[in-house]
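Down below is the structure, laid out as structure tokens.
The values are calculated or read from the model by the stated rules, or taken from the named source; none is laboratory data. Note that this is a predicted model, so its numbers are computed, not measured. In this analysis, Cβ positions are derived from the backbone assuming ideal geometry, glycine residues included, and neighbour counts consider all displayed protein chains.
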Amino acid sequence: MPDRTPPSAGPIIAVRDLVVGFGEKIILDGLSLDVMPGEILGFVGGSGTGKSVLTRTILGLIEKRAGRISVFGQDLDTMPEAERRKLEKRWGVMFQHGALFSSLTVAQNIQVPMREYLDLSPAMMSDLAALKIQMVGLKSDAGEKYPSELSGGMIKRAALARALALDPEIVFLDEPTSGLDPIGAAEFDSLIRTLQQTLGLTVFMVTHDLDSLASACDRIAALADRKVVAVGTLAEMVASPHPWVKSYFRGERALARLKG
């Protein structure tokens, strides 16, 4: 596995005492979390508790009220704009539901980050887009299709290809298997694990899918009470005494799926 971040470097993402809110409503309150290099971290929590809010805050799409976020050991609050732009080239994002531009083909969607951050010829961008399409398991002709012509599973893969456009070191995935049937979800989990091992990626995956947590994730972080209340392996989650974590991982349906 390629290793672009030294093991001794510590967390590749470090969040400390984060506070995020909208108006008078506090969504995250004193949240702290480490994401380690080369792992797939599953981030789980109840609906509407702020899972996607954390991702968007790390990315700078939502303003925090307090706390500190560092990525690659660099404090995002103190970085000059030019350095921030360089750092953004080192991560890729797959938003929930894909968020593909409907007026662009799959290949053109994948080329969007290349046009923004790189100075490449049209031929080079075309070749790189074709490579990313192949990398995520889509047929070569998928590049010519528009999002409206794709199935749900194809949209997920196309969005993942765009997230990989700049050969990132970190990939953020927001509910990557939502809306997929069990077979499609399992195939996508396998793809994520294969890409992580092949490319040496660090993956931060927001999900509610127990199967994904069991099959794809190295560690899991649980969000409840507006903060991270448990972090560890699946076995450690199952053994957690926290009421929400216990109900999520040891409920009747959860135990049936995990045993299955």
Scanning the stretch 153-169 residue by residue, the ones that are over 15 Å from PHE101 (Cα atoms) and either surrounded by fewer than 17 Cβ atoms within 10 Å (Cβ to Cβ) or without any contact (Cβ under 8 Å) to a residue 60 or more places away in the chain (or both) total 2
If you check PHE101 against the conditions, is it touching an Asp or Glu at 6+ places or on another chain (Cβ under 6 Å) and under 19 Å from ASP174 (Cβ atoms)? no
Please pick out the residue among GLY50, GLY10 that is surrounded by 18 or more Cβ atoms within 10 Å (Cβ to Cβ) and at pLDDT below 90. GLY50
Would you point out which residue out of LEU59, LEU33, LEU41, LEU28 is at pLDDT below 95 and hydrophobic (A, V, I, L, M, F, W, C)? LEU59
Which condition from (1) surrounded by fewer than 18 Cβ atoms within 10 Å (Cβ to Cβ); (2) part of a strand (DSSP E or B) is the one that ALA99 breaks? (2)
Which residues, taken from the stretch 223-239, are closer than 24 Å to LEU18 by Cα and either within 15 Å of the chain's Cα centre (by Cα) or of a type in the set (Val, Ile, Thr) (or both)? VAL228, VAL229, VAL231, THR233
The lone exception for THR177 - which of (1) under 13 Å from the mean Cα position of the chain (by Cα); (2) at pLDDT below 90; (3) outside the structural domain of VAL203 (by TED's automatic domain parsing) it fails: (3)
So GLU116, is it surrounded by fewer than 19 Cβ atoms within 10 Å (Cβ to Cβ) and not assigned by TED's automatic domain parsing to the domain that holds GLY232: yes
Please name all residue pairs, on different chains or six or more residues apart, with Cβ atoms under 8 Å, provided the first residue is in the stretch 204-233 and is more than 11 Å from GLU39 (Cβ to Cβ) and surrounded by fewer than 24 Cβ atoms within 10 Å (Cβ to Cβ) and the second residue is at pLDDT 95 or above and of a type in the set (S, T, N, Q). LYS227/SER32; VAL228/SER32
So which residues in the stretch 44-95 are among the aromatic types (Phe, Trp, Tyr) and closer than 16 Å to LEU173 by Cβ, if there are any at all? TRP91, PHE95
For the stretch 111-141, name all the residues that are of a type in the set (A, V, I, L, M), part of a loop (DSSP other than H, G, I, E, B) and more than 22 Å from GLU88 (Cα to Cα). LEU138
